[in-house]
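Colleague: Could you have a look at this structure, given as structure tokens, before my questions?
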Amino acid sequence: MRVLVVEDNRELALSVKKGLEQENISVDLAYDGELGEEKAFVNAYDGILLDLNLPKKDGLEVLQHLRESEVESPVIIITARDEIEERAKGLDFGADDYLVKPFELLELKARLRAVIRRYHGRALPQISIGGLMVDPVSRKASYLQKEILLKPKEFDILLCIAQRYPAVVSSEEISEHVYDEDFDPFSSVLRVHLARLKKKLAEAAEKEVLKTIRAKGYQLCD
């Protein structure tokens, strides 16, 4: 999963980033509303944590613009305890939940998982390609009903490619969805994850399931 944190308190933002990365969640940061809005438009995030009091552009303005522009990523508003009216406006503008400062990282993780589950359950049904089944909600994959045990990044890569089937998906597209903005799509890390994923899929199906298309990217076979 990939999450955007829009928070001008750098210490808090970095603390949230560190905590979420321990859950194998890739995190991008923005310290003002304008940059946060730009990143939310450019990248497909599984979730957005949005502070209300931001420099350059207010969080409520950012949220309203995103929803008017049909950006559907789940949004959790981060508010101060005395911002009840703004919190209510945020929910009216299309926020999925809110979290009051100061908050515990454990609660943030639970709320984030909950809004992402609800969003994926609504927008992303199970994907079936031949004998392969990919479930975005349970984050499980199987071939002819036999579960394939995948690590978090392996599943994220598989889901990214499955959602675009039958298209060929490039390394750049995969890295943009699965890793944070500082990741090098041509590094060996992605190649290692893909090699392991291809091997696990082939072992489960007893045939090649994920093909490498030379100079183009990767494609699932039915």
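Colleague: Answer yes or no: is there a residue in segment 199-218 that is part of a loop (DSSP other than H, G, I, E, B) and of a type outside the set (D, E, K, R).
Modeller: Yes, there is a match, as at least one residue in segment 199-218 is part of a loop (DSSP other than H, G, I, E, B) and of a type outside the set (D, E, K, R).
Colleague: Output the number of residues of segment 80-100 satisfying the condition of being surrounded by fewer than 14 Cβ atoms within 10 Å (Cβ to Cβ) and either part of a loop (DSSP other than H, G, I, E, B) or among the basic types (K, R) (or both).
Modeller: Here the count works out to 2.
Colleague: Separate question: Is it the case that I161 is in a helix (DSSP H, G or I), touching a His at 6+ places or on another chain (Cβ under 9 Å) and buried (at least 19 other Cβ atoms within 10 Å of the Cβ)?
Modeller: no
Colleague: Criterion first (within 25 Å of R139 (Cβ to Cβ) and out of contact with any strand residue (DSSP E or B) (no Cβ under 8 Å at 6 or more places or on another chain)) does Q64 satisfy it?
Modeller: When the stated conditions are applied, Q64 does not pass them.
Colleague: Could you give me the residue pairs with C-beta distances under 6 Å whose first residue belongs to segment 150-163 and is at pLDDT below 90, whose second residue is open to solvent by 10 Å² or more (accessible area, probe 1.4 Å) and of a type in the set (S, T, N, Q) wherever it lies, and which are 6+ apart or on separate chains?
Modeller: Taking only residues 6 or more apart or on different chains, the pairs are P152/N24.
Colleague: Please work out which residue is nearest to K216 (Cα to Cα), limiting yourself to segment 180-198 and to residues that are surrounded by 15 or more Cβ atoms within 10 Å (Cβ to Cβ) and more than 17 Å from the chain's Cα centre (by Cα).
Modeller: The extreme case among them is L194.
Colleague: Further question: Consider only pairs whose beta carbons are under 6 Å apart and that are at least six residues apart or on different chains; among these, list those whose first residue lies in segment 32-52 and is closer than 15 Å to A13 by Cα and whose second residue is part of a helix (DSSP H, G or I) and open to solvent by 60 Å² or more (accessible area, probe 1.4 Å).
Modeller: That search, which allows pairs on different chains as well, returns L52/E86.
Colleague: Return yes when S142 is closer than 26 Å to K18 by Cα and of a type in the set (S, T, Y) and no when it is not.
Modeller: no
Colleague: Moving on. With the requirement that a residue be in contact with a strand residue (DSSP E or B) (Cβ under 6 Å, 6 or more places away or on another chain) and outside any helix (DSSP H, G or I), what does segment 177-198 give you?
Modeller: Of everything in segment 177-198, those that are in contact with a strand residue (DSSP E or B) (Cβ under 6 Å, 6 or more places away or on another chain) and outside any helix (DSSP H, G or I) turn out to be Y179, D180, E181.
Colleague: Kindly establish whether A141 is more than 30 Å from K199 (Cα to Cα) and small (G, A, S).
Modeller: Spelling it out, it is not the case that A141 is more than 30 Å from K199 (Cα to Cα) and small (G, A, S).
The values are calculated or read from the model by the stated rules, or taken from the named source; none is laboratory data. Please read all numbers here as calculations on a predicted model, not as lab measurements. Here the Cβ is made from the backbone with ideal geometry for all residues, glycine too, and neighbour counts use every protein chain on show. The area values use the complete protein model at the heavy-atom level, side chains included, leaving out ligands, DNA and RNA. Shrake-Rupley method; radii C 1.70, N 1.55, O 1.52, S 1.80 Å.
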